[in-house]
Amino acid sequence: MRRYQDKELQDLHFARRRRVVHRPQPLRHSPEVRCEPACGRVGTGVPVNRPGKRPGGREVEHGVTLKFAIFGDSIAYGQGASSAADTVAQRLSADMTAHDLPNEVRVFAVPGAQSRDLRAQVERGLAWRPQLALIIIGANDLTRLVPPEQAAAELAAAVRRLRAGGAEVVVAPAPDLSVVPWVPPQMRLVVQAGSRMLHDAQSRVALAEGARVADIGMTSAAGFAVDPGLFSADRFHPSSAGYAVIAGALAGPVRAAAAVARSSLG
């Protein structure tokens with residue numbers, strides 16, 4: 001059965017390479033920073049927002065401004081969103097500000113990243129000394145057939161490093177790729193099983209390392225399965241509407257972690 005699954009997932013990998021034609025294009029030539037209009041600069045953690053105002057322009061109360069770092073892949077980055085305000089980073093930052101949790105968010109995520117790439121992202125992020133971190137990872141491990149235990153071990157190391165650096169961590173494990181429109185119907189059960197294996201392995205190690213787990217991968221899948229409008233034009237990444245669903249699922253765990261981080265700072 002495992003050999004059959006591997007073959008089917010390999011077919012899926014090549015299908016994705018044929019059909020997904022959207023690629024993030026850099027706006028500025030730099031060996032370290034890549035950017036898109038929807039997301040601002042990424043990779044080195046250039047700020048995506050500035051702290052200090054609630055949505056609508058009202059000033060927040062003076063107090064601790066949390067440093068909020070986002071790591072991971074294209075979903076963490078915001079690929080497919082129509083504007084910066086629609087990305088996970090901006091939506092979660094605005095949600096925290098609206099709940100009297102002033103913050104500055106920086107995105108260290110890079111499109112196409114696998115779990116093995118978290119190590120370099122986290123090292124860059126720790127130089128900024130964040131108090132709150134979000135990791136969204138797993139889709140590219142699935143499409144590249146990375147063994148679940150290997151991907152989970154890389155995630156565990158990233159969480160451990162962030163926790164040792166003093167950050168509260170929220171992990172969003174692998175999504176259910178069986179709902180992606182270009183996955184052939186006859187392959188959906190196999191892809192769903194592979195997604196579940198990685199999702200569960202990631203959840204176990206994240207909890208063991210002291211992170212919170214925001215289960216967006218499986219719980220949000222039903223909406224993506226029935227609403228094509230939640231996908232962007234490439235039929236793989238979320239649209240702005242899709243990011244609203246994802247951010248809504250993440251908001252509660254992120255706010256809870258932010259409250260703990262703020263209390264620890266006095």
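The values are calculated or read from the model by the stated rules, or taken from the named source; none is laboratory data. Quick caveat: nothing in here was measured; it's all calculated off a predicted structure. Because the Cβ atoms are built from the backbone with ideal geometry, glycine has one as well, and the counts that use them run over all protein chains shown.
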Need the failing condition index for Arg235 against (1) at positive phi; (2) touching a Pro at 6+ places or on another chain (Cβ under 6 Å); (3) modelled with pLDDT of 95 or more, just the number. (3)
The lone exception for Gln186 - which of (1) among the polar types (S, T, N, Q); (2) modelled with pLDDT of 85 or more; (3) closer than 30 Å to Asp100 by Cβ it fails: (3)
Of the residues that sit in the range 179-196 and are under 18 Å from the mean Cα position of the chain (by Cα) and part of a helix (DSSP H, G or I), which one is farthest from Lys67 (Cα to Cα)? Val179
Residue ID - nearest to the chain's Cα centre (by Cα), chosen from residues in the range 71-90 that are assigned to a helix (DSSP H, G or I) and buried (at least 21 other Cβ atoms within 10 Å of the Cβ): Ala76
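Quick grid of which residues meet (1) crowded, with 24+ Cβ neighbours inside 10 Å; (2) touching a residue at least 40 places away in the same chain (Cβ under 8 Å); (3) part of a helix (DSSP H, G or I):
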| position | (1), (2), (3) |
| --- | --- |
| Ile135 | yes, yes, no |
| Leu142 | yes, yes, yes |
| Leu145 | no, yes, no |
| Ala153 | no, yes, yes |
| Ala156 | no, yes, yes |
| Arg163 | no, yes, yes |
| Val170 | yes, yes, no |
